[in-house]
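The structure appears right after this line, and notes come after that.
The values are calculated or read from the model by the stated rules, or taken from the named source; none is laboratory data. Computed from a predicted model, the values in this text were never measured in an experiment. Reconstructed Cβ throughout: ideal geometry from the backbone, glycine too, with neighbour counts over all protein chains shown. Ligands, DNA and RNA are stripped out before the accessible areas are found, and what is left, the full protein with its side chains, is counted by its heavy atoms. Shrake-Rupley method; radii C 1.70, N 1.55, O 1.52, S 1.80 Å.
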Amino acid sequence: AMLYHTANALEPLHPQFDYKTNTVSVVNDRYTAYDGLTLTAEVYDLQSRKLWSKSQQVSVPADGVANDVFAIDFAQGELPSPLTQVHFIKLRLTDATGRLVGDNFYWRSLDRDNGERYHASGPCAAGFKSLADMPQAKVATKVKQGKNKTIEVEVKNTGKTIAFFLQLQLKDEQGSSVKPCFMTDNFFSLLPGEKKTVVIDPSAAKAKAGTLLLRGWNIPTRTMKHNSK
């Protein structure tokens with residue numbers, strides 16, 4: 001959980017969703033103000049159908065926050081079809097040229113928030129059993145040797161279902177995890193057609209790497225070869 005938090009919530013220029021108010025804000029930890037950004041939010045159901053989207057321009061001050069840029073409307077009457085018990089929220093932040101400068105991904109349930117005394121209830125903490133019914137996703141991978149003995153892995157969602165919570169693991173010849181092993185990202189989800197390149201640096205590890213695994217909530221585990229030496 002701390003790894004996921006560090007890799008995502010501490011992104012310097014970061015769009016984020018508030019489960020209590022259903023609002024989307026932008027956090028800027030840099031000492032530079034940004035104007036002309038575009039914040040986009042999309043809502044998908046458990047079958048990966050896009051139910052709602054909204055985009056809005058936003059400016060964020062240096063080392064500051066653009067609070068509650070807009071709210072996501074989960075009202076059933078505002079959506080083309082009813083929300084499934086579990087649904088997903090994708091946030092993107094792009095600059096004036098359309099370049100992606102920050103993104104975020106959430107899963108949310110329809111469970112009611114019963115207040116601060118009930119930490120195990122509410123849309124961010126309970127009601128996720130139907131994730132077990134999520135359709136299988138299809139992903140394609142490309143592996144190549146990068147600079148300074150790094151390994152570059154491109155993962156692309158080639159199907160019509162969200163590939164949920166993907167994890168890369170580098171194993172040694174005995175099948176144990178290579179440690180230390182530094183990755184530019186891990187534990188990520190991909191929308192249909194979306195792709196991500198992860199750079200893996202095992203140069204500090206004493207063990208010789210053997211295999212590379214890709215796991216995920218709704219994909220079969222995949223074993224990949226690489227030629228890092």
Subset of the range 13-37, residues surrounded by 12 or more Cβ atoms within 10 Å (Cβ to Cβ), of a type outside the set (Asp, Glu) and without any contact (Cβ under 8 Å) to a residue 40 or more places away in the chain, comes to Val27, Asn28, Arg30, Ala33
| task | Output yes when any residue across the range 120-133 is under 30 Å from Thr211 (Cα atoms) and surrounded by 14 or more Cβ atoms within 10 Å (Cβ to Cβ), and no when none is. | result | yes
Of the conditions (1) modelled with pLDDT of 95 or more; (2) open to solvent by less than 50 Å² (accessible area, probe 1.4 Å), the single one that Cys181 does not satisfy is (1)
With the first residue restricted to the range 182-199 and required to be over 17 Å from Asp45 (Cβ atoms), and the second required to be open to solvent by less than 40 Å² (accessible area, probe 1.4 Å) and of a type in the set (Phe, Trp, Tyr), Cβ contacts under 9 Å at 6 or more apart or on different chains are Phe188/Phe105; Lys196/Phe188; Val198/Phe188
Scanning the range 40-53 for residues that are assigned to a loop (DSSP other than H, G, I, E, B) and open to solvent by 40 Å² or more (accessible area, probe 1.4 Å), the one nearest to Lys129 (Cα to Cα) turns out to be Gln47
